[in-house]
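First the structure, in the form of structure tokens, and then the observations on it.
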Amino acid sequence: MSSLPSGTCHQISSSTKGVEMSEVSYPKEVIKDLIEGRLPWERVKSIISGYKDRDRFDKYVEILQEKMPWKEKILLPLTDELYIVEKGNDRIVKCSCGYEFGDYRENWKLKALMHVRETEEEIRELYPYPGAPDPHYCEIREYYCPGCGSQLEVESVPFGYPAIFDFLPDLDSFYSEWLGRPLKTRKEFKDLTEELTRKWGSEE
Amino acid sequence: MEQKNSKRGIGWGGKTLKQMLEEDEQLFHETGYYYGLKELPLMKEDPLRMEVFFSRLLASAVAGRETARMITASPFVREVGELAVALYTPEGDCVLQSTGIIIHIPLMGEVIKWMISQDYEQDPGIREGDIFTSNDNQIAGMHPLDIYDIIPIFYQEELVGWVGSVIMEPDIGAISCGMMPMGATERFVEGLRWSAEKTGTNDKYSRFFETRIRHGCRFPDTVILDRKGALAADIKVREEVKRIIGEFGIDYYKRAIRELIEGERRAQLERVKTRMVPGRLRAVSCYENYYSKAMVPAHHRVDRITLVPIDVIIKSDGKFFWDFDGAGSWGWHANNCSPSALRGGACLLLSQQIAYTGKANQGTMLCVELNTPYDTYVNPSSPNVATMNQFSVPTNGGALIWNLNCRAFFSRGFIEEVIASALGLAGPILTGISHHGGPAFPPGATGSTPSGGCAIRDGFTGWALFLPNPDMGNVEVWEMATPLNYMGTRLLPDSCAWGKYRSGYGVIFTYLVYKSPQLAFEKLNLCRDEMIHPNIGMFGGYPGSRGFARLLVNADTARLIEQEKPLVHGMGCSGEAKLGIDVKGKLEVSTLGAGWFEGIAKHGDWYQAATPGVAGGFGDPIKRDPELVKQDLDNGLLSIERCRSIYCVEATYDQKNEEWIIDKEKTAMLREKRRRERLANGIPAKQWWQKRRQDLIKGSLPPLLKDMYNDSLAKGKRWPGEFTAFWNLPSDFKFH
């Protein structure tokens, strides 16, 4: 860590199950600049190459929480716009704009607005060179937040493939076993998406 | 050294290697610790001594690798560095690895374990100075061009370990020249094969081994010199290990190598627990094998798309579980995968993404579990299956796994580790006559792809997930080897994956055929993506462009030279000549399926390979910093049309100062307008679901996709239920 400017981090030593580990901590301002893409690359590189800071998650969430226009507690950032937050006894996916998608165990994409690029012109806009995807075989699906119109994800999958549930975190194991502070309620670690599609099917 | 009495083994304390291997596996199974090590006394009592010990061993492996590079004749090795060296325990567990093509590190260990299980100790015997060579992917490996040379290390008449070197060859005499001939659709046309054979004794390869190489492949000098380089590397490590044993003592060595593995196992679990988030991450990969027009046996001429769904489970104990349930069928083409190749892929990914301390070894691999259903694309049932491109899933699916892991890094806050990933690789495979008159040597150097966009910056232009090819080495050296002149390496404008942070730009390599009377070019696409782009974008970024290749034969290059006109260096920007327009001839464009270009090239003809590589963009493109957009415009890498339509940035060109000026007000208006359009025109996902469900019920999709889904519905255990539940279809649904 000698390449780091002095005073920007501190390093202590601890023992984990017989393996000596070094601990590093960065000031909140450094993490904030990192998140915003403002930190000089040389500094970022030294962070990448150095020991990882164990208090990162808490600082990260604290910084993100301060940026949000809403008060629900962030349990886990999912993307650069979506967060799993605690709302009463529920855990829901919420956009930075405040739009709420519902239970985090249900694929949020099914509550989003969508556009599928189907025409040659739409495909060529993205792919000017030979070898563009064929919309008869490949769906380029854009998912938008119904609250703010942000493009939250783009999916490129075979035509007819289910919407991909990119990440279903095991929040209770994370908080109780990895962070050592269990959440106030427990939720079954289960994909609830098919309950929604079953409901949609029964409405047809 | 005399072969010992058959009852007394060559392993530690008179055990046989088989006994040691059984003990190794049993102790891990029973205790969960590598070799049952609940404590790490050496590491605890004197960690600095352990560090010195490790550093000495690691330095020997790295030095061995460099030694091989100085001996080899192949630019793949000397210039690009397509080799690696590793040290193993007597049972074949990796203790440490050099830099290089680390995808092979666990696989050389699998060859050692296979030899032990086949009782090589009895027959053919294992002695000091023996050399074992393997490139048989039924045993272990990525593809037959990667040849493993493995030697035992004896100390005081006990086998204390093994050294293995891997080098990729340019050719081993397969059905056509080159690294991954797509026409090799079954095992028996893959060229020379060594099935963990004893190829030498007393540190010298046998004469028969050299004769087989001389008579069996297109570049025997290269293959033989590579073997000598590999052997030199192995011997260098072996002798250094003996010296280190002399310094530290044999008892310390035996205990310390086990502690290095168990220590790394614990460190890997700890790294996952402190940098990631447990849960289920999900992706799907597709493999498009279009062989109906390829020059292969009639029953291999099949077009097929195969699904390989991927679930990455990060377990609460810190282990990874990669589940490929739902994978479709293997086929008679060059692009099947295997569990061994997937373990190689796991080593590659983990060594670069999270276990990059330089200590990755068997301990890292003990933290990964795989489900590779039998008789599928990732675990073929036929022993005769082709293995030329087992990279297909590690490169295509592996890039997706990289992307998934990055989502867990992002959630945990380690955003500096987030790169949306990229696939590889497009490049020429050729056969014909060289400028020296012999067989034409295939060029390398086109492995480079851009990286995906990062969470905090744009992607890198030179990057490769799976090998160090972004550093192509010296062009002049390649020009000595191949009948091609390098005319240029250019960035491809508008080829990036769009996003708030875009990927790096694709690269196009331009080659002028030099003094070859005939040259045929084969199409190569490791990743098998063609009509279906991989799902590699992240958080609103798009997947990027694919690779392609162009061949111009009967070119009138001589006319241009005579008239002192510009030649071709790229796609034809900035006054350079355009292929097929300024240089006339017969132009063929390939999107890199399987097969050969029709044209036969000769001196003065042209070949171009573009490697955008399908990277992923990061974030919503309309949130891109207009200043970054300006940089791309100023650098000539972004067209104003796409600047407006994708980034929603308005700009005008200032002729006087030769730069683009961003109109901030109009940009804000364009972006607001795009948001409103999305909200007004975007359809609720439920509506899409209802329409698409009806499409599936009516069978309104191409026959190849129906076959693809039916295949996975028949093969999978968990996946079919999830597919039918998502679409609310009967559990026995099939496409007709």
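Listing for the model above:
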| quantity | calculated |
| --- | --- |
| Breaking point among (1) farther than 26 Å from A:D191 by Cβ; (2) within 12 Å of another protein chain (Cβ to nearest Cβ); (3) surrounded by fewer than 20 Cβ atoms within 10 Å (Cβ to Cβ), for B:Q687 | (1) |
| Residue tally, condition of a type in the set (G, A, S) and either at positive phi or surrounded by fewer than 24 Cβ atoms within 10 Å (Cβ to Cβ) (or both), over the range B:482-498 | 1 |
| Contacts under 8 angstrom Cβ, first residue in the range B:674-699 being small (G, A, S), partner in a helix (DSSP H, G or I), 6 or more apart | B:A685/A:K109; B:A685/A:L110; B:A685/A:K111; B:G699/B:K706 |
| Residue list for the range A:112-145, filter: in a loop (DSSP other than H, G, I, E, B), more than 22 Å from B:Y287 (Cα to Cα) and facing another protein chain (nearest Cβ under 7 Å) | A:A112, A:P128 |
| Residue in the range B:592-600 that is closer than 22 Å to B:C496 by Cβ, buried (at least 20 other Cβ atoms within 10 Å of the Cβ) and within 12 Å of chain A (Cβ to nearest Cβ) present | yes |
| In the range B:275-309, the residues that are crowded, with 20+ Cβ neighbours inside 10 Å and either among the small types (G, A, S) or free of Cβ contacts under 8 Å to residues at least 12 places away in the same chain (or both) | B:G279, B:A283, B:S285, B:A294 |
| Candidates B:E722, B:E677, filtered to the one that is within 30 Å of B:G331 (Cα to Cα), facing another protein chain (nearest Cβ under 10 Å) and charged (D, E, K, R) | B:E722 |
| Residue satisfying condition, being of a type in the set (S, T, N, Q), touching a helix residue (DSSP H, G or I) at 6+ places or on another chain (Cβ under 7 Å) and farther than 30 Å from B:P90 by Cβ, within set B:N336, B:N384 | B:N384 |
| Only listed residue being part of a helix (DSSP H, G or I), touching a Phe, Trp or Tyr at 6+ places or on another chain (Cβ under 8 Å) and under 22 Å from B:T376 (Cα atoms), chosen from B:H333, B:H299 | B:H299 |
| Criterion: within 36 Å of the chain's Cα centre (by Cα), surrounded by 13 or more Cβ atoms within 10 Å (Cβ to Cβ), touching a residue at least 60 places away in the same chain (Cβ under 8 Å) and in the same structural domain as B:D625 (by TED's automatic domain parsing) - qualifying residue of B:Y647, B:Y709 | B:Y647 |
| Number of the exception - A:R105 against (1) over 15 Å from the mean Cα position of the chain (by Cα); (2) part of a loop (DSSP other than H, G, I, E, B) | (1) |
| Yes/no for B:F460 being farther than 27 Å from A:F165 by Cβ, assigned to a loop (DSSP other than H, G, I, E, B) and more than 10 Å from chain A (Cβ to nearest Cβ) | yes |
| B:L637 within 11 Å of another protein chain (Cβ to nearest Cβ), at negative phi and either in contact with a Phe, Trp or Tyr (Cβ under 9 Å, 6 or more places away or on another chain) or outside any loop (DSSP other than H, G, I, E, B) (or both) | no |
| Filter pass, B:I536 being surrounded by 18 or more Cβ atoms within 10 Å (Cβ to Cβ) and either more than 28 Å from B:A481 (Cβ to Cβ) or touching a Cys at 6+ places or on another chain (Cβ under 7 Å) (or both) | yes |
| Single unsatisfied condition, B:G249 versus (1) more than 10 Å from chain A (Cβ to nearest Cβ); (2) surrounded by fewer than 21 Cβ atoms within 10 Å (Cβ to Cβ); (3) under 30 Å from A:E188 (Cα atoms) | (3) |
| B:N485 touching a helix residue (DSSP H, G or I) at 6+ places or on another chain (Cβ under 7 Å) and touching a residue at least 60 places away in the same chain (Cβ under 8 Å) | no |
| Any helices (runs of 4 or more DSSP H) falling wholly within the range B:39-121 and containing at least 2 residues that are surrounded by fewer than 24 Cβ atoms within 10 Å (Cβ to Cβ), within 14 Å of chain A (Cβ to nearest Cβ) and on the phi < 0 side of the Ramachandran plot | B:41-45, B:47-71 |
| Cβ pairs under 7 Å, 6+ apart, first in the range A:181-199 and modelled with pLDDT of 95 or more, second surrounded by fewer than 16 Cβ atoms within 10 Å (Cβ to Cβ) | A:P182/A:S176 |
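The values are calculated or read from the model by the stated rules, or taken from the named source; none is laboratory data. Bear in mind the structure is a predicted one, so any value in this text is a computation, not a measurement. So basically every Cβ, Gly included, is an ideal-geometry build from the backbone, and we count neighbours across all protein chains shown.
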